[in-house]
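> Quick one: the structure is below, questions incoming.
Here, each number is a calculation from the coordinates, and none is a lab measurement. If you're wondering where the values come from, they're calculated on a predicted model, not measured in any experiment. Cβ coordinates were reconstructed from backbone atoms using ideal geometry, including for glycine residues, and neighbour counts include every protein chain displayed.
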Amino acid sequence: MRLSKSQFIRGLQCPKSLWLYKYKPELRQEPDESLQAIFESGKEVGELAQKLFPNGVTISYDPTKLYENAKKTTALIKSGIETIYEATFLYDDVLVMVDILHKGVNGWELYEVKSSTKENEVYLNDIAIQYFVVNGSGLQLANAFLIYINNQYVRHGDLDIQSLFTISPQTPIAIQKQESIVIELQRLKEVVKNDSSEPGRDIGLYCYNPYECDFKTYCWKDIPSESVFSLYFMGKQKMFDFYKRGIISFKQIKSEVELTAIQEMQVESALSGKVFINKEGISEFLSSITEPIGYLDFETFYSPIPHFNNQKPYQQIPFQYSLHVQKEDDLHHYEFLAQHGKDPRKEFIENLINNANDAKTVLVYNISFERRILNELIQSHPEYEQEINLIIGKLVDLLVVFKRGYYYSRKMNGSFSIKKVLPALVHGFAYDDLEISDGGMAMNAYKGLENISNISDIVKVGNNLLEYCKLDTLAMVKIHETLKQSTT
């Protein structure tokens, strides 16, 4: 049974996941939009990294022609080609495709490209299995390298790919891992030898680490939605400690089990249906709010490759906001959505300063996000420092009410995201019917505009973005109203 590099890495995380991937792929969760966007970013980074070694030959991936691609790689090497992208090798029933194979001064070198900003064990195993296969197939490697994003790079003018990427030598580690690679390969080949013998492995930390497994829904099908795994702000290690002791459902949690105050509320609410309302705490919070009140939400996008001046890799760039401003019974809505393809920050700042000017309090949901984005805008546009600092000084975090346990309902199930809190407090309001229903989808939709040429389609995406962001701030208005009513 042949294994690919990615299947080997999957098997290292969990052999059961590898077996399911081979024999029951229909049980696998399809990647959501956010994960798909990560894949696309990785592809973009890989193609850009090829420019570090220009004038190479690309071997196009075709799952039906893997043997032919391996033969083509050998032929290119023999012909004197010194740089090959996606060079394909097959040895000991293991298939690998090398991102960049380059003939350096001392011989052939392997380069693995990642869109991450640091090294990790998965990447080192990735390089080690490639090193094993390439050498085993008859091509002696002189060196192996990891290429990843330098997150300290700041773009000024044209993109400087030499500064954008970090090239890290990994040859000693790759050699050191060769013995364990042989052992692990033998173990994983035994796992997939029998198509009728599913490994009997229980759930564990490896369901999340290093990646959340795409067979988790199948393996976790017997875990109730209200369980120790949904307890608020509980570390995964402690969750699995409970699980190993046979404590799974809330009914199994005994009095001697130590829980935080909010976790205790969560369990009691789930078992009794009780809604917890701390009127004194809510009243104290409400007293910090002064009209006119702004309700503000940002949407941002990021990319491993900086597109604008004064931008770092993965820096979040605000492209949209929604702002409701309430004064007595008058509720006014302002919104901004940047034109795609140009740096939106200056226009974003100027519109926000103008729209938020009258508000004395600006409510946000998770203040650390808005505050960080605003401070980064000061760094990129210091000429607006005074005006932006005025907005920062007005910020009040609505999330505090729930993180302090002033209001808890069973419907939240241990999550205080606005998507959970809104339907728990306000009947008839939810995100289910929206085309765009979370921040990840909003980012992907905005970034996807670069691939749309039809004007009506562009307008439709823009309207969907505006509708989603508007609901975020209207949600805060409604939540605020419910909190005020709860104290009477």
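> Calculated FRET efficiency, Lys236 and Ser6, Cβ-Cβ r, R0 22 Å, to nearest 0.05? Mind dumping the intermediate values first?
Numbers: r = 24 Å, r/R0 = 1.10.
For R0 = 22 Å, the calculated efficiency reads 0.35.
> Could you tally the net charge around Glu350, taking each other residue with its Cβ under 15 Å from the Cβ of Glu350, Lys/Arg +1 and Asp/Glu -1?
Summing Lys/Arg as +1 and Asp/Glu as -1 gives -3.
> Taking neighbour Cβ counts within 10 Å as the exposure measure, how do Lys114, Lys312 sort from fewest upward? Show your work: numbers first, answer last.
Numbers: Lys114 21, Lys312 17.
So the ranking, lowest neighbour count to highest, is Lys312, Lys114.
> Then there's this: Quick one: Kirkwood hydrodynamic radius for segment 302-360, alpha-carbon pairs, angstrom, one decimal?
Numbers: mean 1/r = 0.0767 Å⁻¹.
13.0 Å is the Kirkwood radius here.
> Taking the alpha-carbon distance from Lys360 and a cut-off under 16 Å, which lysines remain once sequence neighbours fewer than 8 residues away in the same chain are dropped?
Within reach: Lys327, Lys394.
> Here's a follow-up. If I model a spin label at Gln339 and Ser368 as a point 7 Å from the Cα along the Cα→Cβ vector, what separation in nanometres do I get?
Taking the simple label geometry, Gln339 and Ser368 are separated by 3.7 nm.
> Hey, another quick one. Going by how many other beta carbons lie within 10 Å of each one, how would you line up Met1, Met476, fewest first? Present the calculation step by step, with values, prior to reporting the outcome.
On the way: Met1 13, Met476 25.
Exposure proxy ranking, most exposed first: Met1, Met476.
> Over 24 Å between Cα atoms, which of Lys43/Lys470; Lys216/Lys403; Lys274/Lys484; Lys5/Lys72; Lys254/Lys484; Lys274/Lys403 qualify? List each step's numbers first, then the result.
Working: Lys43/Lys470 33 Å; Lys216/Lys403 28 Å; Lys274/Lys484 19 Å; Lys5/Lys72 19 Å; Lys254/Lys484 35 Å; Lys274/Lys403 18 Å.
Those over the limit are Lys43/Lys470; Lys216/Lys403; Lys254/Lys484.
> Sort segment 275-488 into rounded, prolate or oblate with this rule: let a ≥ b ≥ c be the square roots of the eigenvalues of the Cα gyration tensor; rounded if a/c is under 1.5, and if a/c is not under 1.5, prolate when a/b is larger than b/c, oblate otherwise. Present the calculation step by step, with values, prior to reporting the outcome.
Working: a/c = 1.91, a/b = 1.43, b/c = 1.33.
Prolate shape, in that a/c is at least 1.5 and a/b is the bigger ratio.
> Starting from the Cα of Ser417, step 7 Å toward the Cβ, then list every residue of segment 434-457 with an amide N under 11 Å from that point.
Counting backbone N atoms under 11 Å from the label point, the list is 437-441.
> At 18 angstrom or more along the helix axis (alpha-carbon based) and mean Kyte-Doolittle of 0.0 or higher, what helices does the chain contain? Whole DSSP H runs only. Present the calculation step by step, with values, prior to reporting the outcome.
Values: long enough: 33-49 (24 Å, -0.06); 66-79 (20 Å, -0.46); 121-136 (22 Å, 0.59); 178-191 (20 Å, -0.12); 367-380 (20 Å, -0.05); 455-486 (46 Å, 0.10).
Result, helices passing both filters: 121-136, 455-486.
> Out of all DSSP beta bridges with both ends in segment 275-488, state the antiparallel percent to the nearest 5. Could the numbers behind the result be given before it?
Values: 19 of 25 bridges.
The antiparallel proportion sits near 75 percent.
> Okay, next question. Bin width 20 Å, origin at 0, all Cα-Cα pairs of the chain: what percent of pairs per bin?
With 20 Å bins starting at 0, P(r) equals 19, 45, 32, 5, 0.
> I need to check one value: relative contact order of the chain, counting alpha carbon pairs closer than 8 Å and at least 6 residues apart, in percent.
Values: 741 pairs, mean separation 66.3, N = 488.
It comes to 14 percent, rounded to a whole number.
> Among Thr473, Thr488, Thr217, rank each residue by its count of other Cβ atoms within 10 Å, from fewest to most, as a rough exposure measure. Walk me through the numbers before you get to the answer.
Numbers: Thr473 25, Thr488 5, Thr217 11.
Going from least to most buried by this count: Thr488, Thr217, Thr473.
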